[in-house]
């Protein structure tokens with residue numbers, strides 16, 4: 001259980017603040033994450049890593065000389081936003097291009113990809129290498145679908161050491177991809193982890209049982225069995241990994257490998273050493289030369305009870321990069337050369353958004369929209385636990401807290417915009433940015449897309465009419481489907497957004513006023529959201545746990561239906 005916290009919504013922010021205070025000699029904070037507090041050579045590649053919080057020392061603990069130049073820090077188990085990634089990359093850039101690396105999760109792929117496109121448009125050369133080391137998450141034929149777990153470290157370490165040696169971006173990408181293809185991991189879990197403020201773990205493994213191949217967010221493995229002895233666990237992990245010796249090697253016998261035995265949060269070091277004792281014996285019996293092994297917590301999952309084993313198969317170049325010195329908060333080896341520190345106070349501050357002039361009619365509408373966002377904030381506060389519970393059934397349980405962070409940020413941004421006499425379009429645009437940036441994850445980005453669609457349609461001059469709302473929601477539906485690639489029947493928010501937007505458009509076209517049209521549209525959304533209980537998820541993190549979600553409505557569809565239902569009261573009160 002995660003026992004020590006204040007407000008769960010502020011947990012990540014307060015953790016980052018404490019981390020930076022404890023490691024000021026290594027890192028400084030920037031919007032979206034942290035960067036090195038030491039100077040890098042001009043013209044060298046910057047390696048930026050990241051993902052959701054809850055996996056320390058990944059990702060912030062791996063920033064420092066000889067390792068990452070920056071880490072983007074998302075919400076608990078949720079991908080960071082594209083804005084956060086962009087901010088960290090801009091702060092970390094040394095002029096030689098940027099390599100982005102992260103675990104191969106859907107939200108991360110989406111947001112890091114968006115950030116890369118923005119950097120490229122600005123003339124900053126940027127490439128991506130996603131980590132795919134977990135052999136349990138997909139077959140070898142679908143290597144690109146595998147997720148990244150503790151093998152993150154070998155890939156990040158290789159990339160950073162190459163950048164430190166002055167490799168070009170193309171060469172950094174080459175060795176990083178080679179490291180990824182030569183890294184194999186497998187994990188087990190004995191019980192789940194608990195999010196701050198939650199009453200129970202995200203999932204449970206039956207007592208005296210062990211889940212084989214389970215991922216770091218509770219993603220399913222390949223089997224379940226009785227809890228083995230330490231030696232039996234070592235034998236299981238080693239035997240599975242030796243079945244996947246990379247094709248570039250003739251055989252395991254005579255090869256070299258770095259070995260990582262990783263604790264996921266609740267398994268103690270002494271237990272890991274007992275397991276590693278047998279791992280070491282087995283690998284030597286297989287004729288493998290072990291190079292600088294690591295035993296400890298490398299990629300965790302809050303307080304999850306579990307462990308993973310990683311083999312990183314080396315050649316001469318990769319071995320040199322693996323052995324290279326590192327000085328970061330959570331990972332050190334060798335002797336790094338002293339390097340001058342930077343002055344974090346002189347880093348470029350984010351530019352404040354300008355508020356363009358607006359008509360009186362649009363400013364009046366902005367007050368109504370701000371009131372609606374305040375209502376949404378209260379609604380999510382009241383239902384955060386319910387949304388988290390729904391998400392935990394087939395996901396990682398972060399939907400409630402993610403929606404809460406987004407709604408709070410959007411409401412605060414709206415209030416700030418009102419104080420500057422913003423129009424409806426500008427207020428919605430700033431709220432969209434705030435929601436996506438603070439919530440993170442795919443749902444945070446989607447709500448940013450929805451609010452931005454309203455922003456573009458409303459503008460700052462016209463008084464929003466029923467037709468404006470109808471066109472804006474159709475645009476929101478189209479933009480969300482284009483962004484997330486979801487379609488009707490995939491068991492996502494889209495399954496409620498489609499009937500909501502289409503019903504609203506139909507009723508407005510037939511002559512209904514906005515209040516009546518919205519009432520009928522929100523009823524259609526609520527019905528559609530409940531109907532997702534009978535669906536099997538086809539995309540997203542819930543897809544691997546598809547059968548578990550049967551009988552439970554999709555949390556994204558459910559929260560959308562709840563929100564449009566609550567906004568109905570605001571629309572009615574302002575129409576009178």
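The values are calculated or read from the model by the stated rules, or taken from the named source; none is laboratory data. Computed from a predicted model, the values in this text were never measured in an experiment. Counting neighbours? That spans all protein chains shown, and the Cβs are built from the backbone with ideal geometry, glycine included.
Summary table
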quantity: Residue within the stretch 31-42 that is in contact with a strand residue (DSSP E or B) (Cβ under 6 Å, 6 or more places away or on another chain), touching a residue at least 40 places away in the same chain (Cβ under 8 Å) and part of a helix (DSSP H, G or I) present; calculated: no
quantity: Wholly within the stretch 83-198, helices (runs of 4 or more DSSP H) carrying at least 2 residues that are closer than 27 Å to residue 439 by Cα; calculated: 106-121, 152-164
quantity: Identity of the residue in the stretch 61-82, in a loop (DSSP other than H, G, I, E, B) and at pLDDT 95 or above, that ends up farthest from the chain's Cα centre (by Cα); calculated: 66
quantity: Exclusive hit being buried (at least 23 other Cβ atoms within 10 Å of the Cβ) and within 22 Å of residue 192 (Cα to Cα), set 70, 103, 61; calculated: 103
quantity: Residues (in contact (Cβ under 8 Å) with a residue 24 or more places away in the chain and assigned to a helix (DSSP H, G or I)) located in the stretch 458-470; calculated: 458, 466, 467, 469, 470
quantity: Members of the stretch 108-119 that are touching a strand residue (DSSP E or B) at 6+ places or on another chain (Cβ under 8 Å) and either surrounded by fewer than 24 Cβ atoms within 10 Å (Cβ to Cβ) or modelled with pLDDT under 90 (or both); calculated: 109, 113, 116, 119
